[in-house]
Amino acid sequence: MNVFLKLKYYLLVVVMVLTSCNNKKTDTTKTDFCSKLQRNDSLSLSKALAEFTPIMQDKTGVYVLEDGSGSMVARAWLTEYAEKTIDIQYFIFSTDNVGLIACDYLIKAADRGVQVRILVDDIMIEADAQDILTFNSHPNISVKIYNPGVNLGKNIFQKTGKFAINFKAANQRMHNKTFIVDDKVVITGGRNIADEYFDYDHEYNFRDRDILLIGKETKTVKTSFETFWNSALSIDVTNVIKDIPENILEENRFDNLHEYACNPENFWPQVRTRIENLPETFNTIKNSGDLVWLDQVRFISDLPGKNDGKNGLSGGGISTTALINLVKNAKSSIDIQTPYLITSKTSRALFKAAVNRGVNIRILTNSLSSTDNVEAFSGYQSSRKDLLKTGVRIFEFKPDAEERKKIMTGELQATLEYAPIFGLHAKSMVIDGKTTVIGTFNLDPRSANLNTECIVVVESKKISEGVLKGMNIEFKPENSWETTLDFNPDSEVSNYKRLKTWTRKVIPNSIL
């Protein structure tokens with residue numbers, strides 16, 4: 001994601017939901033909706049995992065979360081039945097309905113004694129200071145801000161000042177997305193917390209992918225989180241916002257949030273039904289036949305601050321090096337999904353070398369019709385022909401891809417009389433049909449050199465076959481256009497969007 005230029009996206013810290021809820025109109029006879037929703041106290045995460053206790057020490061359970069609704073409910077279940085800790089890194093945590101449900105669950109988990117830690121990047125937070133501090137005021141919730149100084153609590157002159165003084169440091173953002181529960185289960189991948197990542201937005205939705213891990217490799221994810229949490233770049237929110245409001249400790253400060261999140265009138269009935277059926281969620285995953293226990297699973301994350309800066313805006317990182325080595329060692333095929341595809345001479349040379357030794361490479365990215373980021377598409381557009389000349393096949397996602405009818409949440413399709421735009425956000429790779437990569441890494445200079453990223457590398461033919469099955473469907477003509485040296489689908493959009501994209505070519509690719 002282009003965090004520096006992508007103004008369309010609003011990056012909101014989780015606590016901004018308090019503003020939304022406090023602004024809701026209420027009357028003196030409001031119904032206590034929350035009293036009608038009962039948690040199943042006989043369930044817990046440790047009980048659900050009891051049968052796996054021996055195998056969790058030496059192996060990692062892997063389950064790919066393809067559809068948005070399933071991924072949403074998996075997070076809700078884990079939050080509902082967490083017993084000790086929830087550690088979160090997210091890039092977008094929105095105040096729409098999915099975000100409100102998520103926040104309600106987090107606060108209720110904290111009320112039960114679960115220790116919740118949330119680390120968010122500072123670049124485009126648009127939350128009121130009181131709301132952030134109110135959320136942080138819960139005795140079991142801690143909020144930290146990564147690399148502050150460009151947004152939160154700053155005016156426009158202070159924001160631009162850091163970019164002027166230290167452009168590289170200001171651009172180094174945390175793009176990691178990890179959700180860790182009781183140090184036993186992890187969800188990581190491409191999804192942020194907002195309607196459009198779980199197929200519930202009315203205008204634009206993403207085709208995305210997450211991966212759930214249980215057992216051994218979750219320890220590596222937890223170590224990475226601790227590294228970020230304890231980094232000098234991660235600052236307690238009370239040290240970022242100096243003026244502490246007097247009323248953040250009111251006893252009923254979360255009541256409006258709870259009532260809004262419990263009120264069925266504020267959500268599609270099907271969403272609430274899925275939440276009410278939470279007790280069966282984990283059993284469904286365990287009994288699906290798609291939870292695979294493996295020896296070879298690696299979680300790889302960049303370190304806070306990424307590279308040492310000796311090479312300016314280049315220099316790579318741990319995740320970049322890992323992906324380069326995977327491409328270098330590919331023998332027969334590389335299949336890639338990436339929403340933003342901006343290549344350099346170095347990356348094109350890497351792909352060309354692979355093609356020359358007989359590796360078939362296919363890449364699916366967004367078309368101009370499906371993209372949410374014209375700045376990134378402009379960078380891709382400028383080097384598209386050079387990439388095609390390496391022998392790589394490029395496919396561009398259709399905004400009305402037929403596959404959306406199977407992947408997108410059925411409730412949305414049944415409710416609306418029109419089809420929202422369907423864009424690609426999955427960041428995945430399958431190598432030689434046996435190695436799968438799922439993570440946060442976009443194939444662009446920002447992911448390679450500036451943002452911290454994380455990926456999961458899975459050595460499993462079964463997992464690869466499952467992911468590749470979905471990819472192969474999306475490569476088909478009903479879901480994507482194949483772009484060649486003689487054809488591209490840019491003309492499928494309005495003249496205005498093409499002009500808008502053209503004007504972005506003045507932006508250096510190194511910051512896209």
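The numbers here are math on the coordinates, done by the rules we state, and not lab data. Please read all numbers here as calculations on a predicted model, not as lab measurements. Note: ideal-geometry Cβ built from the backbone for every residue, glycine included; neighbour counts use all protein chains shown.
Region 39-105 and region 217-232 have their alpha-carbon centroids 18 Å apart. Ranking Asn488, Phe299, Leu364 by how far each Cα lies toward the positive end of the dipole of region 297-511 (charges on Cβ) leaves Phe299 at the top. By DSSP, the beta bridges lying fully in region 297-511 are antiparallel in about 65 percent of cases. Structure note, pairs Lys328/Lys434; Lys306/Lys469; Lys398/Lys476: Cα-Cα distances above 22 angstrom occur for Lys306/Lys469.
Within the shell of other residues whose beta carbon sits under 12 angstrom from the beta carbon of Val64, the net charge comes to -3, with Lys and Arg scored +1 and Asp and Glu -1. In this simple spin-label approximation, Ile55 and Asp32 carry label points 7 Å from Cα along the Cα→Cβ vector, and these lie 4.4 nm apart.
You can think of it this way: the chain between Asp111 and Lys328 has 73.2 nm of extra reach, that is 0.36 nm per residue less the Cα-Cα gap. Between Leu43 and Asn277, the modelled labels are 1.2 nm apart [label points 7 Å from Cα along Cα→Cβ].
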